[in-house]
Every structure is written in structure tokens, then in C-alpha cells.
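Written below as C-alpha cells is the structure these notes are about.
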Amino acid sequence: MAKPISDAGGDLGVIERLCGGIDTRPGHCELHGDFVDVLYRRRSADGNSESHGWGGCPECAKSRLEERREDDEQNRLAEVARDRINHYQGHAGIWPKFEHARFENYRPVNEKAARHLATIQEYGRIISGRDHGGRCLILTGNVGAGKTHLCCALLRMVINETAQPCFYINFDELITSFRETFDRDSGVKERDLLQRFSKYRLLVIDEVGMQSFSDFELTVAYKVINARYLQNLPTVLGTNMPANNLKKGIGERAVDRMRENGGRALEFDWMSYRERRCAA
Ligand SMILES: Nc1ncnc2c1ncn2[C@@H]1O[C@H](COP(=O)(O)OP(=O)(O)O)[C@@H](O)[C@H]1O
Ligand SMILES: [Mg+2]
Ligand SMILES: [Zn+2]
């Protein structure tokens, strides 16, 4: 039996620094076999009291430490993802009026609305995953039926699921931002804008059809939708125009792009949610 170092007298601090502990004894671990067990001095957190404890198998201690490091790393990554999600949620371009919009507070007013809600949630799951192929979606129909509400809810969902940036923009704002490229002083270049709009994991272009239907608008619509199409990124359109008339709003080529890969149009053909609630 090894003579306890603590009996040796002298400065314990020095002995500990030299030997790492104040006593030793033979130890055996089921997993790692024989080892030298070391008696350590432990100070309480407030530093006022002291206790002794045997260290146990050093190999087991090492793996416990590794596990803790992995846990810490995972917690750190989760925290980074949470920070990113919060940032992207705050920079998603959603109007304060639709800040509240979630799938959970969308009240389907009929069976079709319930089906559309389920379809859009399923679509959100698909485009948050991998092999979605950039599939697009068009929400068309009456004012006040909840298209913008669902677009915003979808955007929030995809940001949460992917921790990637997504963006909501009205068609007229999109056009205005491209028109600014004509003003040299603005320093805004078309290429930069296309790059910006083709980096979002999901882009919602809402309120299509409230515009002047100029060639410029059709060109911008095609360029943005096509830039995203080339990167396999999904675009969602919200519009009051009937689906079969949409080419008047964004042009035939853009509609073709939206329809590729099974891109669907969902029709919201019931009366405004508000009017309905007032009528009830
Ligand atoms: N089914 C619904 N459940 C809950 N709120 C709804 C519903 N439909 C519409 N709304 C609310 O009514 C308002 C108008 O809806 P909105 O999404 O702007 O319709 P749209 O874009 O189809 O014109 C919004 O405040 C929206 O949150
Ligand atoms: Mg709307
Ligand atoms: Zn061990």
C-alpha cells in the first residue's frame, strides 16, 4: 500500500502540484482494467470548505469529459441557430399588420380552406427539406380570404425549419427596387438585386396584379423568378388575379417557370374573412 503523501508533511500545495493528488491506491475499472486511483483535494465553490475524493478511472473521466464537450458543442450550435432564426425572423420583410399570422391562428372557414391550409403546411415541409427541386406555389383569389396571412405563416415556418433567410415583398415594392437601378446615384445595380433575391431560401411575392402591367414589370418578374428557378429555389406568389389570367401580371415565361416541377395554384374563392365574421 502506497504511503499517503499527505503524511509526508510539508507544503500540500507543492506536493499536489508535483503529484496531482494527496494519496494514491490501486484501482480497477470493468472497462479499462487496472489504474492508479488518486485522492484529490476539492474546494467548495465558495472556497470556504474542503473535502477529499478519489478520482476513479482516468479513462472513464476522459470519456465523460468528451461527452460533456460534445454536449457543449451541440448546445453552442443550437444557440447559433436560434440567434440566426431570430435575426431572419426580424428581417423577413413581413408587415407589422401580419406579425401575428401563423398557421395555428388561421381559422379555415370551409373545407376547401382547410385543404389549402394543409397543402401549404405540407408544401412548407417539402421546401424546408432537401429534394424539393424549387417547386413553386401560387395563391390566387378574393381579397381578404387569408392569402397574405398564410404566406407570412409559411415564411415563418421555413425560417424556423431551415435557419436560413426568407423574404416577403409586395410586387410593386419589387418593381420599385429594380426601377431604382435606373438612378445612377442610388448605387443599386440590377445584378446585385438579382443576387439578393435569388439568395433567399423562400421568396414570397405578394399582391401581384395591383400594378400597371408594363413590359418592365413582366421583365423584372421573369428575371427574379428565373434567377431563383436556376438555383432550384422556390418562389410563392400571392395574387387577386385569376390563375388563368396571371400571365397578364407576370408574363407567360414567368408563369411557365412557376408551373414547372408540379407548381400548383390554390384558389381562395370565398368571401373575406372579416365580412364573414361580421355577417355571422
Ligand atoms: N381564415 C382566417 N383565419 C384567421 N384570420 C384570417 C383568415 N383569413 C383572413 N384572416 C385575416 O384577415 C385579414 C385579411 O386577410 P389577408 O391575409 O390579408 O387576405 P388576402 O391576402 O387573401 O387578401 C388579415 O388580418 C388576416 O390575418
Ligand atoms: Mg393579400
Ligand atoms: Zn474506466
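The values are calculated or read from the model by the stated rules, or taken from the named source; none is laboratory data. Model, not experiment: these values are computed from the prediction. Every residue, glycine among them, receives a Cβ derived from its backbone with ideal geometry; neighbour counts consider all protein chains shown. The accessibility values were calculated without ligands, DNA or RNA, using every heavy atom of the protein model including side chains. Shrake-Rupley method; radii C 1.70, N 1.55, O 1.52, S 1.80 Å.
About its Cα centre, the chain has a charge dipole of approximately 1120 debye under the convention of +1 per Lys or Arg Cβ and -1 per Asp or Glu Cβ, with nothing else charged. The simple Förster model, with R0 at 45 Å and r as the Cβ-Cβ distance, assigns Glu122 and Ser212 a FRET efficiency of 0.80. Which pairs, out of Lys223/Lys247; Lys97/Lys223; Lys223/Lys248; Lys112/Lys199; Lys112/Lys147; Lys97/Lys189, put more than 25 Å between their alpha-carbon atoms? Long pairs (Cα-Cα over 25 Å): Lys97/Lys223; Lys112/Lys199; Lys97/Lys189. Helix-only arithmetic for the chain: the sum of -39500 (n - 2.57) across DSSP H runs with n ≥ 4, divided by the residue total, places the mean residue ellipticity at 222 nm at -14500 deg cm²/dmol.
Against the chain, whose longest principal axis comes from its Cα atoms, helix 58-90 is set at around 20 degrees.
When the Gaussian network model of the chain links Cα atoms closer than 10 Å, the mean-square fluctuations of Asn261, Asn240, Asn170 top out at Asn261.
Could you sort Lys112, Lys247 by accessible area so the largest value comes first, with the probe set to 1.4 Å?
On the way: Lys112 60, Lys247 95 Å².
Sorted descending by solvent-accessible area, the residues read Lys247, Lys112.
Once you've got the GNM for the chain with C-alpha springs shorter than 10 Å, pick whichever of Pro58, Pro234, Pro165 has the biggest mean-square fluctuation. Result for the chain, Cα springs under 10 Å: Pro58 fluctuates most. Computed from the C-beta positions of Glu180 and Glu260, the FRET efficiency with R₀ = 51 Å rounds to 0.95.
Using only the C-alpha atoms of segment 68-152, find the volume of their convex hull and express it per residue in Å³.
140
Considering only beta bridges that DSSP places wholly inside the chain, some 40 percent are antiparallel. Using the 1.4 Å probe convention, the accessible area of segment 103-196 works out to 50 Å² per residue with neighbouring protein chains retained. A viscosity of 1.002 mPa s and a temperature of 20 °C, combined with the Kirkwood radius over C-alpha pairs in the Stokes-Einstein formula, give the chain a diffusion coefficient of 91 µm²/s.
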